[in-house]
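A short worksheet on the structure shown next.
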Amino acid sequence: MVNAKKELTISLEEGSSEFSHEREFFHEKLEEWSLISKELLSELSRKEEYLKDKRSTKSIMALGALEAHLNMAMQALKASKENQ
């Protein structure tokens, strides 16, 4: 461990324009993800026949797990926005 190389770290100061740009980019991507996730959840909640057509039981269970995880992620995103 004494001879191990130090890990490269990049430090962005909060006031820097690069930090602001990175933060803005991240928030834009979160908003995009949120919109797409809401669309997916809406589609999955309809339980349309085409979602089950020609799918194995495991695939249907995977879609259910995806729905559950998207719901949890959306709740976490909402909570993080409330705590800002």
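Quick one: how many residues across segment 55-84 are open to solvent by 100 Å² or more (accessible area, probe 1.4 Å) and either of a type outside the set (S, T, N, Q) or touching a Gly at 6+ places or on another chain (Cβ under 7 Å) (or both)?
Within segment 55-84, residues that are open to solvent by 100 Å² or more (accessible area, probe 1.4 Å) and either of a type outside the set (S, T, N, Q) or touching a Gly at 6+ places or on another chain (Cβ under 7 Å) (or both) number 7.
From Glu48, Glu32, which residue is charged (D, E, K, R) and either at pLDDT 90 or above or open to solvent by 100 Å² or more (accessible area, probe 1.4 Å) (or both)?
Step by step, each of Glu48, Glu32 is checked, and only Glu32 is charged (D, E, K, R) and either at pLDDT 90 or above or open to solvent by 100 Å² or more (accessible area, probe 1.4 Å) (or both).
So for segment 70-80 (the condition being modelled with pLDDT under 90 and not aliphatic (A, V, I, L, M)), does at least one residue qualify?
Yes, some residue in segment 70-80 is modelled with pLDDT under 90 and not aliphatic (A, V, I, L, M).
In this structure, is Ser20 part of a helix (DSSP H, G or I), modelled with pLDDT under 95 and either among the hydroxyl-bearing types (Ser, Thr, Tyr) or in contact with a Cys (Cβ under 6 Å, 6 or more places away or on another chain) (or both)?
It is true that Ser20 is part of a helix (DSSP H, G or I), modelled with pLDDT under 95 and either among the hydroxyl-bearing types (Ser, Thr, Tyr) or in contact with a Cys (Cβ under 6 Å, 6 or more places away or on another chain) (or both).
The values are calculated or read from the model by the stated rules, or taken from the named source; none is laboratory data. Just so it is clear, the structure is predicted and the values come from calculations on it, not from any experiment. Cβ: placed from backbone, ideal geometry, glycine included. Neighbour counts: every protein chain shown. With ligands, DNA and RNA removed, areas are computed over all heavy atoms of the protein, side chains included. Shrake-Rupley method; radii C 1.70, N 1.55, O 1.52, S 1.80 Å.
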